[in-house]
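To start, the structure under review is shown below, and the notes come after it.
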Amino acid sequence: MKVKVSRKAHFNAAHRLFRKDWSNQKNEEIFGKCNNPNFHGHNYELIVSVIGEIDEETGYVIDMKILKDIIKEEVEDAFDHKNLNLEVPEFKTLNPTAENIVVVIYNKIKPKLDPKLELEITLYETPRNFVTFSG
Ligand code: NI
């Protein structure tokens, strides 16, 4: 019997979507306002879900305090109030789209969990636009 437990978190960050190997015109066509050379910000909302068996002794799938600390260390401390393109090494050469950010977050959190646990990350870039990755 598997149960999914979730914790919400958020971070504010700036980004710019563009490819160095494309012309300004092509970047403008594909990425529009998100290609603003002066960057722009989002209030990212995150749902981190862990799926696994309930531990017989504790009654937990995962201790939420532990999950909270992992999210703080791997996501909030790394991304909050940062310029993703300039200050976060994972995006030096990777376009910081919501799709790429959610995969980066998954890959940072997954190794910190017991391998028996499954992980699912949902990232809201705006209240209406969100992406989900579960490996
Ligand atoms: Ni954007």
**OP:** Using packing as a proxy for protection, rank 86-96, 54-64, 103-113 so that the peptide with the highest average count of other Cβ atoms within 10 Å comes first.
**Re:** 103-113, 86-96, 54-64
**OP:** Return the long-range amide H neighbours of Lys82 (sequence gap of 5 or more, or a different chain), with a cut-off of under 5 Å between placed amide H atoms.
**Re:** Ala14
**OP:** Take the alpha carbon atoms of the stretch 1-51, find their center, do the same for the stretch 69-84, and report the distance between the two centers in whole angstrom.
**Re:** 14 Å
Subject >> Charged-residue dipole, Cβ positions (Lys, Arg, Asp, Glu), the stretch 2-133 about Cα centre, Debye nearest 20 >> reply: 480 debye
Original post:
How large is the accessible surface per residue of the stretch 2-133, computed with a 1.4 Å probe and reported in Å² as a whole number?
Top reply: 61 Å²
Original post:
Under 5 Å between amide H atoms, partner at least 5 residues away or on a different chain: which partners does Trp22 have, H built in plane at 1.01 Å?
Top reply: none
Subject >> Listed residue pairs exceeding 25 Å between alpha carbons, taken from Lys92/Lys116; Lys4/Lys82; Lys4/Lys116 >> reply: Lys92/Lys116; Lys4/Lys82
Subject >> Karplus-derived 3J(HN,Hα), 6.51/-1.76/1.60, for each residue of the stretch 56-65, Hz, glycine and proline x >> reply: 5, 6, 8, x, 9, 7, 8, 5, 4, 5
**OP:** Can you tell me the dipole magnitude for the stretch 1-69 around its Cα centre, using point charges on the Cβ only (Lys, Arg +1; Asp, Glu -1), in Debye to the nearest 20?
**Re:** 460 debye
**OP:** First obtain the Kirkwood hydrodynamic radius of the stretch 2-133 from its Cα pairs, then insert it into the Stokes-Einstein equation at 37 °C and 0.692 mPa s, and state the resulting D in µm² per second as a whole number.
**Re:** 207 µm²/s
**OP:** Please name which of Gly41, Val5, Ile30 has its Cα lying farthest along the dipole of the chain towards the positive end, using unit charges on Cβ (Lys, Arg +1; Asp, Glu -1) and the Cα centre as origin.
**Re:** Ile30
Subject >> Carbon plus sulfur fraction of accessible area for the chain, probe 1.4 Å, in percent >> reply: 51 percent
**OP:** Kindly provide the helix-only [θ] at 222 nm of the chain, computed as the sum of -39,500 (n - 2.57) over DSSP H runs of four or more divided by all residues, to the nearest 500 deg cm²/dmol?
**Re:** -6500 deg cm²/dmol
Original post:
Tell me, what HN-Hα J-couplings in whole Hz come from the Karplus equation 6.51 cos²θ - 1.76 cosθ + 1.60 at θ = phi - 60° for each residue of the stretch 106-123, using x for Gly and Pro?
Top reply: 4, 5, 7, 7, 3, x, 7, 9, 3, x, 6, 8, 8, 10, 9, 10, 10, 10
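The values are calculated or read from the model by the stated rules, or taken from the named source; none is laboratory data. Computed from a predicted model, the values in this text were never measured in an experiment. Cβ: placed from backbone, ideal geometry, glycine included. Neighbour counts: every protein chain shown. Ligands, DNA and RNA are stripped out before the accessible areas are found, and what is left, the full protein with its side chains, is counted by its heavy atoms. Shrake-Rupley method; radii C 1.70, N 1.55, O 1.52, S 1.80 Å.
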